[in-house]
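Notes to accompany the following structure.
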Amino acid sequence: MIEFKNVNKIFKQKKSDILALQDVSFKVEAQDIFGVIGYSGAGKSTLIRLVNVLEEKTSGEIIVDGHDINQYSKKKLQNVKKNIGMIFQHFNLLNSKTVFNNVAMPLILQGKSKANIKSKVNELLEFVGLEDKGNQYPNELSGGQKQRVAIARALVTDPKILLCDEATSALDPATTDSILKLLKRVNEQFGVTILLITHEMSVIQKICNKVAVMEQGRVIEMGPVLDVFSHPQTTTAKNFVSTVITTDISTHLQKLIPEDKEATDIKLYIDGNKVTHAIIYDLITRYTVKVNILFASMSDIQGIPVGYLTLRIQGEEQSIQNCYQYLTELNIEFEEVSA
Ligand SMILES: Nc1ncnc2c1ncn2[C@@H]1O[C@H](COP(=O)(O)OP(=O)(O)O)[C@@H](O)[C@H]1O
Ligand SMILES: [Mg+2]
């Protein structure tokens with residue numbers, strides 16, 4: 001649906017050029033909710049703005065819906081842009097217009113009939129839960145309601161793609177959740193492909209199926225959300241993951257665990273898709289070891305329980321080896337740790 005091929009973007013400056021994007025390549029498939037995460041200045045906004053040509057690439061290709069958008073004439077580009085809606089951190093509504101007219105604006109600009117506009121706008125206001133707010137002005141609404149208006153406006157031309165630039169970054173956690181649920185409905189009910197950028201891993205965790213991690217203009221890691229969350233490779237990705245999944249015992253708790261030279265501590269990675277056995281019960285009953293849980297943390301990633309479990313095992317060396325063999329046979333990832 002959207003493909004970046006070796007995309008570079010340089011902002012020419014008087015003193016030195018800014019390399020905002022460097023050799024960026026990845027593909028967003030139809031129906032994806034694709035998240036791009038990175039710290040401030042990583043190049044996320046520049047990247048997303050290339051898709052609807054708010055910004056022009058310096059080199060590389062950007063393929064949208066099968067066509068290289070930079071090869072289009074101005075007129076054809078207008079048609080492509082109709083297929084792409086966008087929402088922003090600060091909503092970008094017209095404060096002098098009513099909610100109804102804000103949502104209607106893209107259709108008014110297209111010269112659609114009044115009856116046509118009325119039914120489409122009302123349909124979308126109902127979809128975003130603001131059917132009773134049409135006559136109010138943006139200033140009379142909360143942040144979450146403003147973003148709902150912006151979402152209705154972005155959808156009024158029936159786009160195939162929705163771009164979201166930090167759409168929940170100005171909202172409180174509860175409102176963020178309600179907007180993310182709404183975006184998920186946009187994706188599911190209307191089949192809209194969503195490309196969103198954020199600096200919050202919890203946003204990715206809640207609605208994305210794929211994620212790319214950006215740093216200094218480059219994509220440094222990418223893949224299905226479950227893969228990146230369970231096996232982050234780079235320090236930056238690890239840092240982002242650690243904001244939503246606790247993988248290790250905190251140093252404070254660590255101090256409270258008595259040292260035991262006789263025991264072996266192991267850390268297990270639990271993928272709820274794979275782990276169906278009663279592991280602890282099996283370890284204790286089959287291999288006559290004592291098992292204590294030192295630490296456990298589970299998270300919901302894409303509806304799959306995923307987490308880490310640190311166990312302290314006491315027993316004969318052979319019994320411990322048998323435990324390891326059992327875990328290996330079940331394909332459970334684990335490592336010895338010093339708790
Ligand atoms: N219009 C512009 N002119 C000059 N530099 C820009 C412009 N837009 C972005 N940049 C620079 O490009 C880099 C990436 O910015 P941006 O894409 O906004 O990052 P992010 O959205 O990840 O915070 C930054 O160094 C920023 O200062
Ligand atoms: Mg930005």
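The values are calculated or read from the model by the stated rules, or taken from the named source; none is laboratory data. The structure presented is a predicted model; accordingly, all values stated were derived computationally and were not measured. We place every Cβ from the backbone using ideal geometry, glycine too, and count neighbours over all the protein chains shown.
Go through region 54-69 and report how many residues are away from ligand 2 (no atom under 16 Å from the Cβ), surrounded by fewer than 18 Cβ atoms within 10 Å (Cβ to Cβ) and either among the aliphatic types (A, V, I, L, M) or not assigned by TED's automatic domain parsing to the domain that holds ASN8 (or both).
Within region 54-69, residues that are away from ligand 2 (no atom under 16 Å from the Cβ), surrounded by fewer than 18 Cβ atoms within 10 Å (Cβ to Cβ) and either among the aliphatic types (A, V, I, L, M) or not assigned by TED's automatic domain parsing to the domain that holds ASN8 (or both) number 1.
Kindly provide the set of residues from region 172-189 that are among the hydrophobic types (A, V, I, L, M, F, W, C) and either surrounded by 14 or more Cβ atoms within 10 Å (Cβ to Cβ) or touching a Leu at 6+ places or on another chain (Cβ under 7 Å) (or both), ordered by number.
Listed by number, the residues that qualify are ILE179, LEU180, LEU182, LEU183, VAL186.
Anything in region 290-335 that is touching an Asp or Glu at 6+ places or on another chain (Cβ under 8 Å) and either outside the structural domain of LYS261 (by TED's automatic domain parsing) or over 27 Å from ILE245 (Cβ atoms) (or both)? List them, or say none.
Matches in region 290-335: GLN314 only.
Please find, within region 1-20, the residue that is farthest from VAL219 (Cα to Cα) out of those that are more than 11 Å from ligand 1 (Cβ to nearest atom) and assigned to a strand (DSSP E or B).
ILE2
Considering only residues of region 136-168 that are among the acidic types (Asp, Glu) and in a loop (DSSP other than H, G, I, E, B), which is nearest to ligand 2 (Cβ to nearest atom)?
GLU166
For region 325-339, enumerate the residues that are touching a residue at least 24 places away in the same chain (Cβ under 8 Å) and more than 21 Å from PRO258 (Cβ to Cβ).
Once the filter is applied, which keeps residues that are touching a residue at least 24 places away in the same chain (Cβ under 8 Å) and more than 21 Å from PRO258 (Cβ to Cβ), region 325-339 yields TYR326, LEU327, LEU330, ASN331, ILE332, GLU333, PHE334, GLU335.
Kindly list the number of the only condition in (1) modelled with pLDDT of 90 or more; (2) in contact with a Gly (Cβ under 6 Å, 6 or more places away or on another chain) that fails for GLY315.
Status for GLY315: all satisfied but (2).
Just the residues that are more than 16 Å from ligand 1 (Cβ to nearest atom) and closer than 27 Å to VAL7 by Cα, please, taken from region 192-219.
Of everything in region 192-219, those that are more than 16 Å from ligand 1 (Cβ to nearest atom) and closer than 27 Å to VAL7 by Cα turn out to be VAL192, THR193, ILE194, GLN205, ILE207, CYS208, ASN209, LYS210.
Just checking, how many residues over region 224-249 are closer than 17 Å to TYR308 by Cα, small (Gly, Ala, Ser) and in contact with a strand residue (DSSP E or B) (Cβ under 9 Å, 6 or more places away or on another chain)?
So the count comes out to 1.
Given the options GLU333, GLU317, name the one that is acidic (Asp, Glu) and farther than 24 Å from GLY223 by Cβ.
GLU317
Mind telling me which of the residues LEU182, LEU171 ends up being without any contact (Cβ under 8 Å) to a residue 60 or more places away in the chain and assigned to a loop (DSSP other than H, G, I, E, B)?
Exactly one of LEU182, LEU171 is without any contact (Cβ under 8 Å) to a residue 60 or more places away in the chain and assigned to a loop (DSSP other than H, G, I, E, B), namely LEU171.
Conditions tested, residue by residue: (1) assigned to a loop (DSSP other than H, G, I, E, B); (2) among the basic types (Lys, Arg).
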| residue | (1), (2) |
| --- | --- |
| ALA42 | yes, no |
| ILE48 | no, no |
| LEU54 | yes, no |
| ASN70 | no, no |
| LYS75 | no, yes |
| LEU93 | yes, no |
| LYS97 | yes, yes |
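Identify, please: which residue in region 209-235 is in contact (Cβ under 8 Å) with a residue 12 or more places away in the chain and of a type in the set (Asp, Glu) and is, among those, nearest to LEU19 (Cα to Cα)?
GLU215
Those residues that are closer than 22 Å to HIS231 by Cβ and touching a helix residue (DSSP H, G or I) at 6+ places or on another chain (Cβ under 6 Å), I need them from region 307-339; list them, please.
PHE334
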